[in-house]
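Everything below concerns the one structure shown next.
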Amino acid sequence: MQSCEISSDGTDDPLCSGLHIHRQPRIVVIGAGLAGLAATNVLLKRGFTDVTVLEALDHIGGRVQSVKHGEAALELGATWIHGTNGNPVYHLAEDNGLLEHTDGEANLGRISQYSKNGVAHYQTDAGKRIPKDLVEEFSDLYNEVYELTQEFFQNGKPVGAESQNSVGVFTRNVVRKRIMMDPDDSESTKKLKLSMLQQYLKVESCESSSPNMDEVSLSEFGEWTEIPGAHYVIPGGFMKITDILAQDIPPNTVCLSKPVRCIHWNYSAQNHDLIAKNDDKNRDSNHNQNNRGRRDPPIAGHPIYVECEDEEWIRADHVIVTVSLGWLKHNHEAMFSPSLPEDKVLAIEKLGISTTDKIFLEYAEPFWSPECNSFQFVWEDEAQREQLTYPEELWYKKISSFDVLYPPERYGYMLSGWICGQEALYMERCDDETVAETCTELLRQFTGNPDIPKPLRILRSSWGSNPYFRGSYSYTRVGSSGGDIESLAMPLPYANRTKAPPLQVLFAGEATHRKYYSTTHGALLSGQQEAKRLVELYYDWHSADTAKPKNM
């Protein structure tokens, strides 16, 4: 997929007949993640032949990154298929034989991340395991309050000022009140439950990819929709999904290692001299003998020029932008010329994205018991803490848990740790040796076992410091709403404000799906949706033109 050949203008293709531009429209898709690949698939299947995918990295997949581990894979990025009923990612995996239907694959729990088999071990920093019945009692209470957080959006309940419209503040206040009012618990039990609350909120932060749950909007939390059915992992790696999406895309359609500098949309006459000069300067240095590397002179009918970091300018009729919200937050000002409309910029600024990282530790032998499916770290001195944020030297206190990867016949003896927020960025700055030593000390402290060895191998993600992502996935931050997601997804130019060519710049990716943001199926569906907008546009135009009387 290294070639970068621009498709030739077609004039005899059925799609072109009757169109206003009388040729195949040129469509550029920015990003070869799930959204970009899904959009490209729809376009190619519906007869569009002049499609180019520009990917900044040297591989496809975006925030899907599977690392081969024997016959299995370790997922640095997307891991789960969330739900089955109508989930397009599930159906792709099922139809292509990627799933193994055993009890170990399905996960219905919210706290135990990888397997419903076994028991989560809640350990205190004093090296004591919290009794299973106390954990279950607290878990029931927490889940009751979690259900309450959904009702504000789903049932239109008013949000009280004391909650600060924050999931974290509301949850902490309600759970604390219920714990303190329980006449059957001793003071030590109440303190232990309050400490467990903080640990649950850390896990919830990792699942939401927020710095902490205090930043997640209470009034909007219930809009995120869970697809019914079990959650699955793909034993051979989530990259199998991107491979399936890519298998029908011609290799010369995808340009790897091709970052974009700026999208010049709503192209106007004043740009002609600039691009013509650029064309003259670079024509002789064309890196590709095919048409893909050609720097075409400006011609009428192309409202967009995509300026790449390697100085190539690619003309287009439409661009589908599938970059992450984190990337947009850091680069939207330089990325779009003219600048994005104020309401879209505001949506980018208001919506949230943070970092959730994984830390994989591999061992020669397990130091955990066969029934243990995870270690959950409960700091007893945090019972009354309000803000779960830490200075750089204490970044490790944000590690919420380590899950046992199951089954060992596939993964060997492997733990997967979780950390989120600014503390994840602190972790990313450390070297492997430091992280391995720190995790070993944590495990020794919380299990009370000083003989736990250092891992044979460590592998970890770094989504926060990756300049092309700047975070893992999105959430609705306090002060934002589903309306901001709609604003982010709205194509440019706005149809009711201009007579310029429509649907010049379209937006896809998980952060643009109002109900399924933060998920792989949300990303895939968003890409399909934007491609269908273009399909409908051109078939509408074709229908309108062919319906005109011949004498007009």
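The values are calculated or read from the model by the stated rules, or taken from the named source; none is laboratory data. Here the structure is a predicted model, which means the values were calculated and not measured. Neighbour counts run over all protein chains shown; Cβ positions are idealised from the backbone, glycine included. Accessible surface areas use protein heavy atoms only, side chains included; no ligands, DNA or RNA. Shrake-Rupley method; radii C 1.70, N 1.55, O 1.52, S 1.80 Å.
Checking each residue in the range 397-425 for being open to solvent by 10 Å² or more (accessible area, probe 1.4 Å), assigned to a strand (DSSP E or B) and not aliphatic (A, V, I, L, M) picks out Tyr413, Trp418. Of the residues screened, Ala38 is one that is outside any loop (DSSP other than H, G, I, E, B), open to solvent by less than 20 Å² (accessible area, probe 1.4 Å), modelled with pLDDT of 95 or more and farther than 28 Å from Tyr411 by Cα.
When residues in the range 387-425 are screened for being of a type outside the set (Asp, Glu) and over 20 Å from Asp214 (Cα atoms), 14 of them pass. Search the range 356-406 for residues being polar (S, T, N, Q) and over 19 Å from Gln445 (Cα atoms), and hand back the single one that is modelled with the lowest pLDDT. By that ranking, first place goes to Gln387. Applying the criterion of being touching a residue at least 60 places away in the same chain (Cβ under 8 Å) and assigned to a helix (DSSP H, G or I) to the residues of the range 487-511, the residue that is surrounded by the fewest Cβ atoms within 10 Å (Cβ to Cβ) is Ser487.
Consider the range 380-396 and keep the residues that are assigned to a helix (DSSP H, G or I) and among the hydrophobic types (A, V, I, L, M, F, W, C). The one that is surrounded by the fewest Cβ atoms within 10 Å (Cβ to Cβ) is Leu394. When Asp279, Asp273 are checked against the criterion of being at pLDDT below 95 and touching a Pro at 6+ places or on another chain (Cβ under 6 Å), Asp279 stands alone in meeting it.
Going by the structure shown, is Arg63 under 27 Å from Val306 (Cα atoms), at pLDDT 95 or above, open to solvent by 20 Å² or more (accessible area, probe 1.4 Å) and not hydroxyl-bearing (Ser, Thr, Tyr)?
Working: under 27 Å from Val306 (Cα atoms): yes; at pLDDT 95 or above: yes; open to solvent by 20 Å² or more (accessible area, probe 1.4 Å): yes; not hydroxyl-bearing (Ser, Thr, Tyr): yes.
Spelling it out, Arg63 is indeed under 27 Å from Val306 (Cα atoms), at pLDDT 95 or above, open to solvent by 20 Å² or more (accessible area, probe 1.4 Å) and not hydroxyl-bearing (Ser, Thr, Tyr).
Are any residues in the range 231-254 closer than 16 Å to Leu34 by Cβ, in a loop (DSSP other than H, G, I, E, B) and open to solvent by 30 Å² or more (accessible area, probe 1.4 Å), and if so, which ones? Passing the criteria: Gln247, Asp248. Only a single item in (1) open to solvent by less than 30 Å² (accessible area, probe 1.4 Å); (2) under 18 Å from Thr476 (Cα atoms); (3) small (Gly, Ala, Ser) is not met by Gly156, and it is number (1). Residues in the range 201-230 that are surrounded by 23 or more Cβ atoms within 10 Å (Cβ to Cβ) and either more than 22 Å from Ser166 (Cβ to Cβ) or aromatic (Phe, Trp, Tyr) (or both): Phe221 only.
Looking only at the range 323-359, filter to residues that are of a type in the set (S, T, N, Q) and closer than 21 Å to Ser210 by Cα; which one of those is most open to solvent (accessible area, probe 1.4 Å)? Show your work before the answer.
Our first condition is that a residue be of a type in the set (S, T, N, Q); within the range 323-359, this holds for 324, 331, 337, 339, 354-356.
Restricting the remaining residues to those that are closer than 21 Å to Ser210 by Cα gives 324, 331, 354-356.
On the way: Ser324: 4, Asn331: 47, Ser354: 13, Thr355: 8, Thr356: 11 Å².
Ranking the candidates gives Asn331 first.
If you go through the range 344-352 one residue at a time, do you hit one that is assigned to a loop (DSSP other than H, G, I, E, B), among the basic types (Lys, Arg) and in contact with a helix residue (DSSP H, G or I) (Cβ under 9 Å, 6 or more places away or on another chain)? Before you say what the answer is, go through the steps one by one.
The initial filter retains those residues of the range 344-352 that are assigned to a loop (DSSP other than H, G, I, E, B), namely 351.
Still in the list and also among the basic types (Lys, Arg): none.
Among the residues of the range 344-352, not one is assigned to a loop (DSSP other than H, G, I, E, B), among the basic types (Lys, Arg) and in contact with a helix residue (DSSP H, G or I) (Cβ under 9 Å, 6 or more places away or on another chain), which makes the answer no.
Considering the range 298-339, the qualifying strands (runs of 3 or more DSSP E), each wholly inside and each with 2 or more residues that are within 23 Å of Ala523 (Cα to Cα), run over 318-321.
Within the range 392-437, the set of residues being hydroxyl-bearing (Ser, Thr, Tyr), touching a residue at least 40 places away in the same chain (Cβ under 8 Å) and closer than 23 Å to Gln198 by Cα comprises Tyr396, Ser400, Ser401, Ser416. The conditions of being modelled with pLDDT of 95 or more, touching a strand residue (DSSP E or B) at 6+ places or on another chain (Cβ under 9 Å) and on the phi > 0 side of the Ramachandran plot are not met by Gly83. Scanning the range 473-511 for residues that are more than 30 Å from Glu162 (Cα to Cα) and polar (S, T, N, Q) yields Asn496, Thr498, Gln504. Filtered by the rule that a residue be under 26 Å from Phe152 (Cα atoms) and aromatic (Phe, Trp, Tyr), the range 473-496 gives Tyr473, Tyr475.
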